[in-house]
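Take a look at the structure below.
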Amino acid sequence: MNSLWARITVASLLGLASLPASAQTETGQTKIQPQRLECEFRASPQGIDATQPRLNWVLDSTAASTDVRGVKATAYQVLVSSAPELLKEDQGDLWDSGKVRSSHPLRAIYAGRPLRSWQAYCWKVRVWDQEGRPSLWSPAASWTMGLLSDHDWKNAKWIGMKAVEPTPAAGEKPSDGHPLAARQLRREFDVRGQIRSATVAFCGLGLSELYINGVKVGDEVLSPPLTEYNKRAIYVVHEVTSLLRDGRNAVGAWLGNGRYWAPRHKVPTSTRTFGPPKLRLILRIENQDGGLRYIVSDESWKVTDQGPIRANNEYDGEQYDARLELTGWAEPGYDDGAWKPVEVLPPPGEKLSARNIAPIRVIEHRRPIAKKNPKEGVYVFDMGQNLVGWCRLRVHGPAGTTVQLRHAETLQPDGMLYVANLRSARCTDHYTLKGGGIEVYEPRFTYHGFRYVEITGYPGEPAADALEACVVHDDLEPAGDFQCSNELLNRIHANCRWGIRGNYRSIPTDCPQRDERQGWLGDRAAGCHGEMQLFNVAAFYEKWLTDMADTQRPEGSVSDVCPSYWPLYNDNVTWAGTIALIPAWLREQYGDNRFIVRHYAAMRAWVEHMLGYLAHDRMPRDSYGDWCVPPEDPHLIHSKDPARKTNGELIGTAYFEHILRLMSQYAVLAGKPGDAARYTALAERMKAAFNKRFFDDAAARYDNGTQTSSLLPLSFGLAPQRRRDAVFAALVAKIEGQSKSHVGVGLIGVQHLMHVLSDHGRPDLALRIATQPDYPSWGYMANKDATTIWELWNGDTADPAMNSGNHVMLIGDLLPWLYEYLAGIRADPATPGYDRIVLKPVFVRGLDFVRAWRETMAGRITSQWSRKDGAVVWNVSVPIGGVATVYLSAKEPSKVLESDKPAAEAPGVRLLRQAKDAVVYEIGSGTYSFHIAE
Ligand code: RAM
């Protein structure tokens, strides 16, 4: 990870730094309300391995007096210390950046003394405004380092218990994937003397939980993150000082199968498996006198697979027999005489890296909204939302009773679960009671995508509180919210958010419920840009791009699914090319070039490999076409109608040309001017070849004229300038005529639909499409009771063989359109990371109001507009330190007022120019109220 997302809120420059000392606490923080001056870190990262992390901070705009405008940050000073006491005295013994004048005054790359394994660091920052006034020091934030070299693991070994797939008995069909019972590993040790600190680093594959003296370490679940195991595994680090005690101690680890011991071998396709679960661990104990001691995973540990988790499998569920609980197993004094010595197992892969992304957690609990009894002994709970996670069961009954929980997204007409679309995934948890009181159970090593839960075998009738849903996903920082006057659009937005949340599983998955749940590249090529509006995914996507590079074969090929649990090295452009598409979005939103430089070799290797397929300057490699267009028959998954399908070579050529243009920009950043020139020249040739082969000048359309075949050349700038308007007019005629203002696109075209329509002056048509209540549309899904987004436009009628109710690939560019167009909050690609903000709201006819906020690298931006009496009132706020270029769709400056004055004369507003259809201003920080006569 490059970045430390531990954000610090710096006391605002004005009004606070000049406050009398009496208004400040001893620590220099202000007492006045309602400022939020506490640290805003959602995470003080523990155990990172970036040796030059980037530190980010935002200025606290809420503390500023709202009538003060245009406050800029011009310089910063960062202090990094090895001890909080030093930092309190304003001493940065590791790094004192001094006062640095900067055009990026809200971030800095660590440049102090080398960071060391296991060490904790704290830091703070202050900034100066344009008058040279310093802010108060921010409160302190902190992070700890992981293990920077393999030597730091001392002699910790990989330990576990060997396993073999059982051979089927004569006449029996071999089972496709045999879930192992969970392993439990333990050892005891003594602690003598006063402990200063204790930290544990461990990697338990496939999934693990660690306990010290019976207490769970940390609160993460489904840990560690998924990776390309034979290349890299990820360890986690936790500070555990308070869990240790003087005298005898015990450490115990659960190991589940996860994807390491693969859930399947052949169904629905060939799946990689890596072996039985295993653990590597090191516990570092530092005494007050500086003495160090390490407890490591080695032959001294013991193991059993006779505990309560009899089987665990991500697709099928967990089988838990509470009668087999090994009470006290992770505490000292437990009799492990029946346990076996562990076996030392080979290491999983080449590298062991730190977890630089947010952990997966139980994010919220939801109570059922209804309970039905469709059949004798069968109870179906409705959680009211298609979500991802599992259930917490409460039950009371005789020992040996087994309660079964089955999960599904929808119901059959008879009220029973509809499970056909889960394919081979059984999505069923079993809990066998130990008896003797209320028992509460949550599975550990599985997860389900569901809205409905069927309980059978429950002793008596389950009460309403027998089940509670636990919503589980990567704990990412929210980055935005949106609301408008159209309720259907608000529901669609909520459905997108639920779908996106549920598909974060340390990788972005395609779906969370059936026997798939893979990191399909194509689904996120542009989808990630939409996600950036909702969550801070900087570290998350850097991690996934690292997974992609890890799958890369020596010749450059990248799997369509990363990590390559399904090794699909198809060499197609639109899926594998995501390796080169996502970095551009990351750079635009988060402004970090270093990642592009580091990732350049992998992107280049893929591009060079693909260049071998180029024929006549066109790229014929395409596997999936415009995946999942609305088909002619509602029962079909894929259309068979040639008029609905977009030519694969057209898609491959358009995308590869675009990727070459991006590569040329990356090459400049990576200091490879030769590559940059070569890729630009190649892109020029491809553009010419594309138009020559596919463009029908007379009809102003491409190839067979699907929506997608026009959208791509318009979006990527391939259409000849002189014919752009005509191509667009033909596209609009097609959409409004044949498609009756509905989508006619699949996964590819939908990434371009909304912005192309808006960019060419038809946001009203984009709005019509976005708010259509009938088929095919997002609104149709919502009206059919969807609470997420479907895999297919016809998800209610299509064949269940490929019909998930929670896929995000058809969201396309809808979210960027809501935030960047309707609310108008954008990054300027020329100054990535919101160094300059662009505010370009689209006051589209058909909406009465829009309200949105975005948390950006510059801080929080809000934009709200409403229409009344022939005018639009637009209220906007720019965070302290921010500068924005504002585009307002007015015919002339005289039509624009700000706080009742002609805008150009308003304080803090500068008229830059009058463009063709917009008046352009510059504003600095502050809140503004513009009035635009229509
Ligand atoms: C499906 C996946 C995914 C898509 C691929 C091509 O099975 O669910 O969303 O990318 O196929």
Per the list (1) open to solvent by 10 Å² or more (accessible area, probe 1.4 Å); (2) farther than 27 Å from A494 by Cα, residue check on P462 breaks on (1)
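State whether one or more residues within region 378-387 are at positive phi and either β-branched (V, I, T) or not in a strand (DSSP E or B) (or both).
Here is the first cut: in region 378-387, the residues at positive phi are 384.
From the residues that got through so far, the ones that are either β-branched (V, I, T) or not in a strand (DSSP E or B) (or both) too are none.
There is no residue in region 378-387 that is at positive phi and either β-branched (V, I, T) or not in a strand (DSSP E or B) (or both).
Does P166 satisfy the condition of being more than 34 Å from the chain's Cα centre (by Cα) and either among the hydroxyl-bearing types (S, T, Y) or open to solvent by 60 Å² or more (accessible area, probe 1.4 Å) (or both)?
On the way: more than 34 Å from the chain's Cα centre (by Cα): yes; either among the hydroxyl-bearing types (S, T, Y) or open to solvent by 60 Å² or more (accessible area, probe 1.4 Å) (or both): yes.
For P166, the condition - more than 34 Å from the chain's Cα centre (by Cα) and either among the hydroxyl-bearing types (S, T, Y) or open to solvent by 60 Å² or more (accessible area, probe 1.4 Å) (or both) - is met.
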Those residues of region 664-684 that are without any contact (Cβ under 8 Å) to a residue 60 or more places away in the chain and open to solvent by less than 20 Å² (accessible area, probe 1.4 Å) come to a total of 3
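For region 757-776, give me each residue that is in a loop (DSSP other than H, G, I, E, B) and touching a helix residue (DSSP H, G or I) at 6+ places or on another chain (Cβ under 7 Å). Lay out the reasoning, then the answer.
Step one: filter region 757-776 for residues in a loop (DSSP other than H, G, I, E, B), giving 760-762, 771-776.
Within region 757-776, H760, R762, T771, Q772, P773, D774 qualify.
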Taking region 337-348 and keeping residues part of a loop (DSSP other than H, G, I, E, B) and either open to solvent by 30 Å² or more (accessible area, probe 1.4 Å) or under 16 Å from D298 (Cβ atoms) (or both) leaves G337, A338, W339, V342, L345, P346, P347
In region 745-756, residues that are open to solvent by 20 Å² or more (accessible area, probe 1.4 Å) and in a loop (DSSP other than H, G, I, E, B) total 0
For region 486-501 the number of residues that are within 16 Å of the ligand (Cβ to nearest atom) and among the β-branched types (V, I, T) is 1
Note on region 631-663: residues within 16 Å of the ligand (Cβ to nearest atom) and either open to solvent by less than 50 Å² (accessible area, probe 1.4 Å) or hydroxyl-bearing (S, T, Y) (or both) are P631, L636, I637, S639, T646, G648, I651, G652, Y655
Of the residues in region 480-517, those that are under 13 Å from the mean Cα position of the chain (by Cα) and either of a type in the set (K, R) or modelled with pLDDT under 95 (or both) come to R497, R501, R505
By my count, strands (runs of 3 or more DSSP E) wholly in region 282-335 with at least 2 residues that are β-branched (V, I, T) and touching a residue at least 60 places away in the same chain (Cβ under 8 Å) are 292-296, 302-304
A careful count of residues in region 111-129 that are assigned to a strand (DSSP E or B) and among the hydrophobic types (A, V, I, L, M, F, W, C) gives 6
For region 685-707, state whether one or more residues are in contact (Cβ under 8 Å) with a residue 40 or more places away in the chain and within 16 Å of the ligand (Cβ to nearest atom). no
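For the structure I just gave you, tell me whether D759 is open to solvent by 10 Å² or more (accessible area, probe 1.4 Å) and either away from the ligand (no atom under 16 Å from the Cβ) or in contact with a strand residue (DSSP E or B) (Cβ under 8 Å, 6 or more places away or on another chain) (or both). Give the derivation first.
Numbers: open to solvent by 10 Å² or more (accessible area, probe 1.4 Å): yes; either away from the ligand (no atom under 16 Å from the Cβ) or in contact with a strand residue (DSSP E or B) (Cβ under 8 Å, 6 or more places away or on another chain) (or both): yes.
Yes; evaluated as a whole, the condition is true for this residue.
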Selection from region 359-372 of residues part of a strand (DSSP E or B), more than 25 Å from the chain's Cα centre (by Cα) and in contact (Cβ under 8 Å) with a residue 24 or more places away in the chain yields K371, K372
Filtering region 502-530 down to residues that are more than 17 Å from I360 (Cα to Cα), more than 8 Å from the ligand (Cβ to nearest atom) and outside any loop (DSSP other than H, G, I, E, B) yields R524, G527, C528, H529, G530
Residue pairs within 8 Å by beta carbon, gap of at least six or interchain, first lying in region 896-914 and free of Cβ contacts under 8 Å to residues at least 60 places away in the same chain, second in a strand (DSSP E or B) and of a type in the set (G, A, S), listed first then second, are V896/A933; E898/S929; S899/S929
Subset of region 603-629, residues within 16 Å of the ligand (Cβ to nearest atom) and touching a Lys or Arg at 6+ places or on another chain (Cβ under 9 Å), comes to G625, D626, V629
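For the condition in contact with a strand residue (DSSP E or B) (Cβ under 9 Å, 6 or more places away or on another chain), farther than 17 Å from Q533 by Cα and touching a residue at least 40 places away in the same chain (Cβ under 8 Å), what is the one hit in P776, P816, P800? Quick ask: steps written out before the conclusion?
On the way: P776 fails: in contact with a strand residue (DSSP E or B) (Cβ under 9 Å, 6 or more places away or on another chain); P816 fails: farther than 17 Å from Q533 by Cα.
Sole residue among the options that is in contact with a strand residue (DSSP E or B) (Cβ under 9 Å, 6 or more places away or on another chain), farther than 17 Å from Q533 by Cα and touching a residue at least 40 places away in the same chain (Cβ under 8 Å): P800.
Residue-by-condition table, conditions (1) part of a strand (DSSP E or B); (2) among the acidic types (D, E); (3) touching a residue at least 12 places away in the same chain (Cβ under 8 Å); (4) surrounded by fewer than 17 Cβ atoms within 10 Å (Cβ to Cβ):
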site: S175; (1), (2), (3), (4): no, no, no, yes
site: E188; (1), (2), (3), (4): yes, yes, yes, no
site: T199; (1), (2), (3), (4): yes, no, yes, no
site: C203; (1), (2), (3), (4): yes, no, yes, no
site: Y211; (1), (2), (3), (4): yes, no, yes, no
Over region 548-579, the set of residues near the ligand (Cβ under 10 Å from one of its atoms), in a helix (DSSP H, G or I) and not β-branched (V, I, T) is W575
Counting only residues that are out of contact with any Leu (no Cβ under 9 Å at 6 or more places or on another chain), part of a loop (DSSP other than H, G, I, E, B) and away from the ligand (no atom under 13 Å from the Cβ), region 777-796 contains a total of 5
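Do we find that Q533 is more than 10 Å from the ligand (Cβ to nearest atom) and over 14 Å from the mean Cα position of the chain (by Cα) in this structure?
no
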Selection from region 494-534 of residues in contact with a strand residue (DSSP E or B) (Cβ under 6 Å, 6 or more places away or on another chain) and either open to solvent by 10 Å² or more (accessible area, probe 1.4 Å) or of a type in the set (S, T, N, Q) (or both) yields R501, Q513, Q518, W520, Q533
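The values are calculated or read from the model by the stated rules, or taken from the named source; none is laboratory data. Quick caveat: nothing in here was measured; it's all calculated off a predicted structure. Glycine gets a Cβ as well: all are built from the backbone with ideal geometry, and neighbour counts include every protein chain shown. Heads up: the accessible areas ignore ligands, DNA and RNA and are worked out on the full protein's heavy atoms, side chains in. Shrake-Rupley method; radii C 1.70, N 1.55, O 1.52, S 1.80 Å.
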